1. So for segment 10-25 (the condition being over 19 Å from A63 (Cα atoms), aliphatic (A, V, I, L, M), outside the structural domain of T151 (by TED's automatic domain parsing) and not in a loop (DSSP other than H, G, I, E, B)), does at least one residue qualify?
2. Do we find that I133 is more than 26 Å from V62 (Cβ to Cβ) and modelled with pLDDT of 85 or more in this structure?
3. List the number of the failed condition for K156; all other conditions in (1) surrounded by 14 or more Cβ atoms within 10 Å (Cβ to Cβ); (2) modelled with pLDDT under 65; (3) in a helix (DSSP H, G or I) hold.
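The values are calculated or read from the model by the stated rules, or taken from the named source; none is laboratory data. Remember, it's a predicted structure, so these values are computed and weren't measured experimentally. So basically every Cβ, Gly included, is an ideal-geometry build from the backbone, and we count neighbours across all protein chains shown.
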Amino acid sequence: MEREFVKGIIETLLFITDKPLNKEKIVELIADKEVKEDLVIELINEIATQYIKSSAIELREVAGGYQFSTKPDYSEYVRRLYRDRTLLRLSPSSLETLAIVAYRQPITKAEIEETRGVDSTSVIDTLLEKKLIKIIGRKEIPGRPLLYGTTQDFLKQFGLNSLTDLPPVDQFLSENEQQETQEFVQENVSTKNSSEQEFSTYVEKDDEKKITDL
């Protein structure tokens, strides 16, 4: 299979997909023993470079895979076109809760409510329904409360490749808030070290598996 033809296949797959494709999936779809992952990555980089130079579309690494998307300069016009179909029409309380989960996961409902200071049942249900958060296990404390974390859809919707791409919390805080946050973290790290086995155990689950004894 010729290199340019393989490149065309990859470009076609990335153009038509409605979710990010990783290199393993692309190799599987091409199904040619001569097409390896290193070649796929090389061709993806070439495609990305071509679009940077000559298009309003760009190839991005998102949620562990690759997908075409609109360049930021043009995103407002896409929102106008699909204003009534936009998935992320979240209330301020939903955005606040989602941010708490994103930065503090794995986290329980009680911990979310302690941070927000209000009941968060309906907000959590909304985020679960929109598949922006998911149940990832149970915390090994009395009552074994559910633990929540973000999903691949969360990464995709916010244009992130992984959670490490989240902006630092400090940039959203005032100087006093940063100091308070540092003191809080130091205090909680000390507490966690003294009771790690009792309070920090949780069970990771795949998206398609059910949590035992829910």
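1. We begin by selecting, within segment 10-25, every residue over 19 Å from A63 (Cα atoms); these are 12.
Retained after the next criterion (residues that are aliphatic (A, V, I, L, M)): none.
No.
2. On the way: more than 26 Å from V62 (Cβ to Cβ): no; modelled with pLDDT of 85 or more: yes.
No, not satisfied.
3. (2)
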